[in-house]
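Each remark here refers to the structure printed beneath this line.
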Amino acid sequence: MLTGMEVQRESGQSKGENSEVVRLKKKINALIELLEKTQREKQYLNTFVDSYIQNNAPVEFRIKEVIHVLNILTKEAKWLDSAYQTSSSRNYYRIKTDDFEDILDRALINIPRKKMIKVMANIGILKCDDGHYTYSATIQRKMYRVYMLKKSAVNTLIGEQEQDE
């Protein structure tokens, strides 16, 4: 086995040339490490951006999804009607929790159901009191858990959407 000095003598390299080779090798290794680190960061950022886009869709996309859900709700007409004209029945459409959640699950592709419920509550379509979205309602002597959607907001959004078409 040859030592470093013997390799230098046989290859014709001087001591200065050998140190230059070692320096260049170190520099190449540092650049390779930097490249690998950058590639790992890029992969992490791509997964982060993809999850961010999925969970934080642009406002226009959310509004379109809300209008799509409201269109399905009005077409299927699953509102619970009461014979009594209470303030809540005058101001809100009521829909059973199971029916509403089924419609959300069918209609939504990119937004989770809970997130859409929060969006609808934040823009004033869905009634929300201290983070509670469902309410008890007695309709025709039966108790239901219901979501309450503001009639004025639903009618306004559906009306604006029909005018755009």
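Modelled with pLDDT of 70 or more and farther than 30 Å from residue 147 by Cβ: which single residue out of 30, 77 fits that description?
30 is the lone residue from the list that is modelled with pLDDT of 70 or more and farther than 30 Å from residue 147 by Cβ.
All but one of (1) touching a residue at least 40 places away in the same chain (Cβ under 8 Å); (2) not in a strand (DSSP E or B) hold for residue 109; state the number of the condition that does not hold.
Against the list (1) touching a residue at least 40 places away in the same chain (Cβ under 8 Å); (2) not in a strand (DSSP E or B), residue 109 comes up short only on (1).
Being farther than 13 Å from residue 135 by Cβ and modelled with pLDDT of 85 or more is the filter here; which residues of the range 80-106 pass it?
98, 99, 101, 102, 103, 104, 105, 106
Taking the range 112-152 as the region of interest, how many residues are surrounded by 14 or more Cβ atoms within 10 Å (Cβ to Cβ) and part of a helix (DSSP H, G or I)?
Residues that pass the stated criteria total 9.
Considering every residue within the range 107-116, establish whether at least one is of a type in the set (Val, Ile, Thr) and at pLDDT 80 or above.
Within the range 107-116, not a single residue is of a type in the set (Val, Ile, Thr) and at pLDDT 80 or above.
The values are calculated or read from the model by the stated rules, or taken from the named source; none is laboratory data. Computed from a prediction, not measured in an experiment: that's the story for all the values here. Neighbour counts are summed over all protein chains in view; Cβ atoms, including those assigned to glycine, are modelled from backbone coordinates with ideal geometry.
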